[in-house]
Amino acid sequence: MGPVRGYVGQLSWATRDQVDQLATATATAAGPARRLLDLCCGTGGIALHLAQAYGCSVVGVDYADAAVEFARAEAARRGLTDLVTFIDGDARCLPFVDEEFDDVVCVDSMVIRPNRRKVVSECARVLRPGGVLAFSDEVMIGRTLRDPAILAAVNVYGRLRPETVPTYRRLLETSGLQVRELSDTSGSFAEINERWVASYDRYRSELVGIMGEELFAAGRAFFETLGQQARLGALGQVRIVAERV
């Protein structure tokens, strides 16, 4: 795998390179003419990067009030409030009219959303004809993760509900979306988890001071376990680009 570049300011397994690849897939790179939805935007790092890099208009939506407030403050600090708006909302019932967006991106977040069928259906609803949903997500590749220690580790930051690639393809196609690209990014996923573990080790004293011993240990185990499962071929990551027909 070639070098991966950059951290965009929020917890995820996406590098700046991968976020830029999603932007290119959605034509976000076309700039101000595009209106983009960042689904499950978290603390806003990805939406802010896209707006700053490409000049597109971005709406970020997330159900976590604290994350949305942080994202709004960061947009103000960077002087990007004219391009980026952050709102509270549920991915299963988006607070937007039909065909409101040119494109939708979602980075490593569908995996924690229940009722994936409804989420995908909502993405299709708010997309204009010819618009693109581009997302990265964690997927099941091999055996089901059933070991209690593994399940405890991977659910530290919220319950993970990884789908399989065939399930995603079926959900997209039955929602009126045609898959244009499906890329396996599991190698990068494994490496990023290993980098998170190395960062935990490097900044242990600082992180323990912020998180406490228990949460530090749980967080480190989270990334270590995901990396191990990726290397074993049980868990992976994909990038999927689908167009609304």
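Residue-level check: of (1) modelled with pLDDT of 95 or more; (2) farther than 14 Å from residue 137 by Cβ, residue 179 misses just (2).
Residue pairs whose Cβ atoms lie under 6 Å apart, separated by 6 or more positions or on different chains, with the first residue in the stretch 178-189 and over 15 Å from residue 244 (Cα atoms) and the second among the aromatic types (Phe, Trp, Tyr), are 189/13. Of all residues in the stretch 152-174, at least one satisfies being among the polar types (S, T, N, Q), modelled with pLDDT of 95 or more, farther than 23 Å from residue 63 by Cα and outside any strand (DSSP E or B). Can you spot a residue in the stretch 113-131 that is out of contact with any Phe, Trp or Tyr (no Cβ under 8 Å at 6 or more places or on another chain) and under 30 Å from residue 214 (Cα atoms)? Checking the stretch 113-131: at least one residue is out of contact with any Phe, Trp or Tyr (no Cβ under 8 Å at 6 or more places or on another chain) and under 30 Å from residue 214 (Cα atoms). Just checking, does the stretch 6-17 include any residue being in a helix (DSSP H, G or I) and at pLDDT below 85? No - not one qualifying residue is present in the stretch 6-17.
Here residue 182 qualifies as closer than 22 Å to residue 232 by Cα and either over 19 Å from the mean Cα position of the chain (by Cα) or aliphatic (A, V, I, L, M) (or both). Looking across 138, 214, 181, one residue alone is in a strand (DSSP E or B), surrounded by fewer than 16 Cβ atoms within 10 Å (Cβ to Cβ) and among the acidic types (Asp, Glu). It is 181.
A quick yes/no check of all residues on (1) within 24 Å of residue 48 (Cα to Cα); (2) touching a strand residue (DSSP E or B) at 6+ places or on another chain (Cβ under 6 Å); (3) without any contact (Cβ under 8 Å) to a residue 12 or more places away in the chain; (4) not small (Gly, Ala, Ser):
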residue	(1), (2), (3), (4)
75	yes, yes, no, no
81	yes, no, yes, yes
100	yes, no, no, yes
111	yes, yes, no, yes
121	no, no, no, no
127	yes, yes, no, yes
131	yes, yes, no, no
135	yes, yes, no, yes
140	no, yes, no, yes
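Looking across the stretch 15-47, the residues that are out of contact with any strand residue (DSSP E or B) (no Cβ under 6 Å at 6 or more places or on another chain), buried (at least 19 other Cβ atoms within 10 Å of the Cβ) and either under 11 Å from residue 83 (Cβ atoms) or among the aliphatic types (A, V, I, L, M) (or both) come down to 19, 23, 27.
Hey, any hits in the stretch 70-88 for a residue that's of a type in the set (Gly, Ala, Ser), over 14 Å from the mean Cα position of the chain (by Cα), modelled with pLDDT under 95 and closer than 30 Å to residue 230 by Cβ?
no
Residues considered: 108, 98. Of these, the only one that is acidic (Asp, Glu) and modelled with pLDDT under 95 is 108.
The values are calculated or read from the model by the stated rules, or taken from the named source; none is laboratory data. All of these numbers come straight from a predicted model, not from anything done at the bench. Cβ coordinates were reconstructed from backbone atoms using ideal geometry, including for glycine residues, and neighbour counts include every protein chain displayed.
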